[in-house]
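Enquirer: Take this structure first; my questions come after.
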Amino acid sequence: MSERAAKVTPTDDEQTEEQIADSAAPDAATESDSAADAESETTTEPVTSGAESVVRALENAGVEYAFGVQGGAIMPVYDVLYDSDIRHVTMAHEQGAAHAADAYGIVSGEPGVCLATSGPGATNLVTGIADADMDSDPLLALTGQVPTEFVGNDAFQETDTTGVTTPITKDNTFSSDADHVGSDVSEAFALAGEGRPGPTLVDLPKDVTNGETDREPDEPKTPDTYHVQERADSEIVAAAAERIENADRPVMLLGGGVIKGEASEACREFAIEHEIPVITTMPGLGAFPEDHELSLEMAGMHGTGYANMAITHCDTLIGIGTRFDDRLTGGIETFAPDAEVIHVDIDPAEISKNIYADYPLVGDAETVVEQLAEAVDESPEVKKWRAQCQQWKSDYSMAYEAPEDAPVQPEFVVEALDEATSDRAIVTTGVGQHQMWAAQYWTYTEPRTWVSSHGLGTMGYGLPAAIGARLAADDDQEVVCVDGDGSFLMTLQGLSVAVRENLDITVAVLNNEYIGMVRQWQDAFFEGRHAASDYNWMPEFDKLAEAFGACGFRIDDYDDVADTIEEALAYDGPSVIDVHIDPDANVYPMVPSGGDNGQFALTEDQL
């Protein structure tokens, strides 16, 4: 036993004042040292370069993750990131970096950040930036650029990045000096998330990021000239409230703006209090729980028959956070033909752009719904209308056949994945038939659990989106990527990232060896001529996953489904299930492009 351990400490009564003082002294010194250490940890070194100012701006904004690919013109920024607490995730392709950052923003609600070098690095981001622009997702892109003296001279890896991306960004800046570059980044970050979210971009010439400066970046805030209307006009709110009170056949149509505006709870409360049936757009999945009796689920080209019937026959349409795009409306002249339209949107440019708004309510979705809630004194009498909607649910059920002696039906696989995961599981997808099956047959009950490419329809979105979603999600949330073989093949190099980062994601590839949605349209409208849609040269994705270091599985029949899904979900790391589905399976209901939502087809013969 050591001398220290053997020493007997006297009781408080036995200790002298001097002993008490002596024994307390080390603790006081320790507290003093700890305070000094804490102060030194929170004291930041002054910036000395444009690149340091860029990274400081990101740190000040609370950025935790950045997704990108290194390169010559962006190298000064990466050199500073090397010592930053921001975790950089090196992606296998710049498109994947943009999609991962986009998905991170969808799940977290804060702008995702992606980086790329000049020239091809920047142009490889373009698809992801355009995707974020179409879906109003918060994203900040930082691109390297050749030194300013070479701009316009066709220098190595030079591209007019701001010129290329101006049409697809909310804000776009060519940063021209080291003193202001950090503030440019701060402002771009703030703009990406404020008001109607969207992608912003800052182009960073190498001489600017290498340039000397001691100027700290401004805090992230929008410019004084940027104004967002929070509250709708009170007179129009009152008129809209009166219309709701007198409605016989009202529906609420919730778009992606409900989720982005944190208005899901306000919309749920409003709908339930007044017993109004609720429909969502595809970007709005999760805005209202689909297991609630008022839910009619998704409307549009591949929406439920009952949702489309309700829109076609309603007399009051309360559209919140939706831009009424063509995949939702079909033909404009046949969309909600008997309805007076109440349109809530934070962007005045969307009001009456596609569908005329009888009651234009410009403002923040949550705020305006709360205004309506205060203004509506009496609930409409809609008992018969609700009964009619329930009858449509019965008449146009989403049931499907799954004979045991036939190939595996994709709907069965989606439902099995849903059953095996929690209500808070996050679903990402690529684009095509698999996306529609995932939208139709997964029951969404929470916002920010559906992550997909809507307006741009970007194949290959699913896997990199799963990477971004995984890093933004809570630890107890599963992340499942429902992909198609064609989509997965476009960005599967992202598996190397998932393996390197040991990300717990499960990818279910619904493999029909076709570009399935194209094949379905060719059968319906092009006499079955499968031009460039037959992909019978697909690799074995389970073995390919193993080559990347992920865990691979394969499903060929129904007996494999439940156990394989359970095993794949249980694997602590990235897993890929190559699910061989019925190659002839089609997505229904279906409204032909520009058609009447009330005349949806349930089989190919009805098209």
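The values are calculated or read from the model by the stated rules, or taken from the named source; none is laboratory data. All values derive from a computational prediction rather than experimental measurement. Backbone-built Cβ (ideal geometry, glycine too); neighbour counts: all protein chains shown.
Enquirer: Does region 190-246 hold any residues that are over 24 Å from the mean Cα position of the chain (by Cα) and basic (Lys, Arg), and which are they?
Expert: Lys206, Arg215, Arg231, Arg243
Enquirer: Among strands (runs of 3 or more DSSP E) lying entirely in region 48-154, which contain 3 or more residues that are crowded, with 24+ Cβ neighbours inside 10 Å and without any contact (Cβ under 8 Å) to a residue 60 or more places away in the chain?
Expert: Ranges flagged: 112-116.
Enquirer: If you scan region 559-587, which residues turn out to be in contact with a helix residue (DSSP H, G or I) (Cβ under 7 Å, 6 or more places away or on another chain) and hydroxyl-bearing (Ser, Thr, Tyr)?
Expert: Result: Ser575, single match.
Enquirer: Next question, about the same structure. Look through Met459, Met436 and report the one residue that is within 15 Å of Leu285 (Cβ to Cβ) and either in the same structural domain as Leu489 (by TED's automatic domain parsing) or crowded, with 19+ Cβ neighbours inside 10 Å (or both). If you could, list the steps in order and put the result at the bottom.
Expert: Numbers: Met459 fails: within 15 Å of Leu285 (Cβ to Cβ).
Only one candidate qualifies: Met436.
Enquirer: Could I ask something else about it? If Ala155 satisfies every condition in (1) of a type in the set (A, V, I, L, M); (2) modelled with pLDDT under 95; (3) under 28 Å from Asp131 (Cβ atoms) but one, which is the exception?
Expert: That leaves (3) as the condition not met.
Enquirer: Could you tell me how many of the residues in region 186-231 are within 27 Å of Gly455 (Cα to Cα), touching a Leu at 6+ places or on another chain (Cβ under 7 Å) and crowded, with 24+ Cβ neighbours inside 10 Å?
Expert: So the count comes out to 6.
Enquirer: Any residue that is touching a residue at least 60 places away in the same chain (Cβ under 8 Å), in the same structural domain as Glu415 (by TED's automatic domain parsing), in contact with an Asp or Glu (Cβ under 9 Å, 6 or more places away or on another chain) and farther than 22 Å from Asn124 by Cα - is there at least one of those in region 522-539?
Expert: Looking for residues that are touching a residue at least 60 places away in the same chain (Cβ under 8 Å), in the same structural domain as Glu415 (by TED's automatic domain parsing), in contact with an Asp or Glu (Cβ under 9 Å, 6 or more places away or on another chain) and farther than 22 Å from Asn124 by Cα, one finds at least one in region 522-539, hence yes.
Enquirer: Further question on the same structure: Within region 459-497, work out how many residues are more than 18 Å from Val414 (Cβ to Cβ) and within 13 Å of the chain's Cα centre (by Cα).
Expert: 7
Enquirer: If you don't mind, another one. Is it the case, given these coordinates, that Val382 is in contact (Cβ under 8 Å) with a residue 40 or more places away in the chain, surrounded by 19 or more Cβ atoms within 10 Å (Cβ to Cβ) and within 30 Å of Ala100 (Cβ to Cβ)? Spell out the reasoning first.
Expert: Details: in contact (Cβ under 8 Å) with a residue 40 or more places away in the chain: yes; surrounded by 19 or more Cβ atoms within 10 Å (Cβ to Cβ): yes; within 30 Å of Ala100 (Cβ to Cβ): no.
Answer is no for this residue.
Enquirer: Report, by residue number, each residue of region 186-233 that is within 15 Å of Gln145 (Cα to Cα) and assigned to a helix (DSSP H, G or I). Quick ask: steps written out before the conclusion?
Expert: First, pick out the residues of region 186-233 that are within 15 Å of Gln145 (Cα to Cα): 201-211.
Lys206, Asp207, Val208, Thr209, Asn210 - these are the residues of region 186-233 that are within 15 Å of Gln145 (Cα to Cα) and assigned to a helix (DSSP H, G or I).
Enquirer: Report whether or not Asp485 is farther than 23 Å from Val591 by Cα and without any contact (Cβ under 8 Å) to a residue 12 or more places away in the chain.
Expert: Numbers: farther than 23 Å from Val591 by Cα: yes; without any contact (Cβ under 8 Å) to a residue 12 or more places away in the chain: no.
Criteria not met by Asp485.
Rundown of residues vs (1) farther than 24 Å from Leu463 by Cβ; (2) assigned by TED's automatic domain parsing to the domain that holds Arg519; (3) modelled with pLDDT of 95 or more; (4) not hydroxyl-bearing (Ser, Thr, Tyr), yes/no style:
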residue	(1), (2), (3), (4)
Ile565	no, yes, yes, yes
Ala568	no, yes, yes, yes
Tyr571	no, yes, yes, no
Ile577	no, yes, yes, yes
Pro583	no, yes, yes, yes
Phe600	yes, no, yes, yes
Asp605	yes, no, no, yes
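Enquirer: Taking strands (runs of 3 or more DSSP E) that do not extend beyond region 286-401, which have at least 2 residues that are in contact with a Leu (Cβ under 7 Å, 6 or more places away or on another chain) and at pLDDT 95 or above? So that I can check it myself, show each step before the final result.
Expert: Numbers: elements: 295-298, 316-320, 340-345, 359-362.
Passing ranges, in order: 316-320, 340-345.
Enquirer: Going residue by residue through region 485-501, is there one that turns out to be part of a loop (DSSP other than H, G, I, E, B), farther than 16 Å from Pro583 by Cβ and modelled with pLDDT of 95 or more? It would help to see each step written out before you state the result.
Expert: Narrowing region 485-501 to residues part of a loop (DSSP other than H, G, I, E, B): 501.
Now narrow it down to the ones that are farther than 16 Å from Pro583 by Cβ: 501.
If we keep only those that are modelled with pLDDT of 95 or more as well, we get 501.
The answer is yes; a qualifying residue exists.
Enquirer: Can you tell me which of His343, His302 is over 27 Å from Met398 (Cα atoms), touching a strand residue (DSSP E or B) at 6+ places or on another chain (Cβ under 8 Å) and not assigned by TED's automatic domain parsing to the domain that holds Thr428? Reasoning before the result, please.
Expert: Values: His302 fails: over 27 Å from Met398 (Cα atoms).
Residue meeting the stated conditions: His343.
Enquirer: Could you list, ordered by first residue, the pairs with Cβ atoms under 8 Å in which the first is in region 308-327 and not assigned by TED's automatic domain parsing to the domain that holds Cys389 and the second is part of a strand (DSSP E or B) and surrounded by fewer than 24 Cβ atoms within 10 Å (Cβ to Cβ), at least 6 apart or interchain?
Expert: Short answer, once both residue conditions are applied: none.
Enquirer: Now, a different point. Name the single residue, out of those in region 81-122 being acidic (Asp, Glu) and within 12 Å of the chain's Cα centre (by Cα), that is nearest to Pro46 (Cα to Cα).
Expert: From region 81-122, those acidic (Asp, Glu) are 83, 85, 94, 102, 110; that's our starting set.
Of the ones still in play, those that are also within 12 Å of the chain's Cα centre (by Cα) are 102, 110.
Working: Asp102: 31, Glu110: 27 Å.
This residue is Glu110.
Enquirer: Please state which one of Arg243, Arg215 is outside the structural domain of Ser118 (by TED's automatic domain parsing), among the basic types (Lys, Arg) and in contact with a strand residue (DSSP E or B) (Cβ under 7 Å, 6 or more places away or on another chain).
Expert: On the way: Arg215 fails: in contact with a strand residue (DSSP E or B) (Cβ under 7 Å, 6 or more places away or on another chain).
Being outside the structural domain of Ser118 (by TED's automatic domain parsing), among the basic types (Lys, Arg) and in contact with a strand residue (DSSP E or B) (Cβ under 7 Å, 6 or more places away or on another chain) holds for just one of Arg243, Arg215, which is Arg243.
Enquirer: May I ask you to list the residues in region 262-311 that are crowded, with 21+ Cβ neighbours inside 10 Å, β-branched (Val, Ile, Thr) and over 25 Å from the mean Cα position of the chain (by Cα)?
Expert: Within region 262-311, Ile276, Ile311 qualify.
Enquirer: With respect to Glu262, determine if the residue is assigned to a loop (DSSP other than H, G, I, E, B), closer than 24 Å to Gly198 by Cα and acidic (Asp, Glu). Please lay out each step first, then the result.
Expert: Numbers: assigned to a loop (DSSP other than H, G, I, E, B): yes; closer than 24 Å to Gly198 by Cα: yes; acidic (Asp, Glu): yes.
In short, yes.
Enquirer: Starting from residues that are closer than 20 Å to Ile311 by Cα, aliphatic (A, V, I, L, M) and within 27 Å of the chain's Cα centre (by Cα), keep the ones in region 338-360 and report whichever is surrounded by the fewest Cβ atoms within 10 Å (Cβ to Cβ). First the steps, then the outcome.
Expert: Step one: list which residues in region 338-360 are closer than 20 Å to Ile311 by Cα, which gives 338-345, 350-360.
So of that shortlist, the ones also aliphatic (A, V, I, L, M) come out as 339, 341-342, 344, 351, 355, 357.
Applying the additional criterion that residues be within 27 Å of the chain's Cα centre (by Cα) yields 342, 344, 351, 355.
Numbers: Ile342: 28, Val344: 35, Ile351: 19, Ile355: 21.
Restricting to residues being closer than 20 Å to Ile311 by Cα, aliphatic (A, V, I, L, M) and within 27 Å of the chain's Cα centre (by Cα), the top hit is Ile351.
Enquirer: Out of Thr159, Thr169, I need the residue that is surrounded by fewer than 22 Cβ atoms within 10 Å (Cβ to Cβ), touching a Pro at 6+ places or on another chain (Cβ under 9 Å) and more than 21 Å from Val55 (Cα to Cα). Which one? Even if it seems obvious, please write down each step before you answer.
Expert: Values: Thr169 fails: surrounded by fewer than 22 Cβ atoms within 10 Å (Cβ to Cβ).
Exactly one residue qualifies, and that residue is Thr159.
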